[in-house]
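Shown next, in structure tokens, is the structure this report addresses.
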């Protein structure tokens with residue numbers, strides 16, 4: 001639980017740069033994955049939910065990196081303060 005709270009604090013501190021936000025979101029996903037793994041092992045449940053979670057984590061990471069590459073090519077920087085949502 002403390003790993004999750006630490007990752008949420010990282011997410012709130014690194015809101016200026018999109019790359020750091022994506023890394024902290026992946027850290028959040030890893031902490032949720034770890035908590036789910038502990039629950040599955042403790043209660044001797046099926047491991048399929050863990051595989052679904054891993055696929056979801058990979059897809060989320062790829063989507064975030066592709067949006068980051070598009071944003072950097074468009075603006076030249078990954079600073080969020082230059083983001084104008086009216087242009088999107």
Checklist entry - Which angle from 0 to 90°, rounded to the nearest 10, does the C-alpha axis of helix 18-43 make with the longest principal axis of the chain? => result 10 degrees
Checklist entry - Sorted by mean Cβ packing within 10 Å, highest first, what order do the peptides 11-21, 57-67 take? => result 11-21, 57-67
Item to check | the chain: radius of gyration and largest Cα-Cα distance (Dmax), Å | outcome: 15.9, 50
Next on the checklist: Within the range 22-59, name every residue whose backbone N is under 17 Å away from a label modeled 7 Å from Cα of residue 69 along the Cβ vector.
Outcome noted: 22-23, 58-59
Item to check | Between helix 48-75 and the chain: long-axis angle, C-alpha atoms, 0 to 90°, nearest 10 | outcome: 10 degrees
Next on the checklist: Nearest 10 degrees is fine. How inclined is helix 2-13 to the longest principal axis of the chain, computing both from alpha carbons?
Outcome noted: 10 degrees
Checklist entry - How long is the gain from residue 12 to residue 30 if the chain were fully straight, where each residue apart is worth 0.36 nm and the alpha carbon distance is subtracted? => result 4.8 nm
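Coordinate-derived values only; no laboratory data. All figures in this text were calculated on a predicted structure; none of them were measured in a lab. Note: ideal-geometry Cβ built from the backbone for every residue, glycine included; neighbour counts use all protein chains shown.
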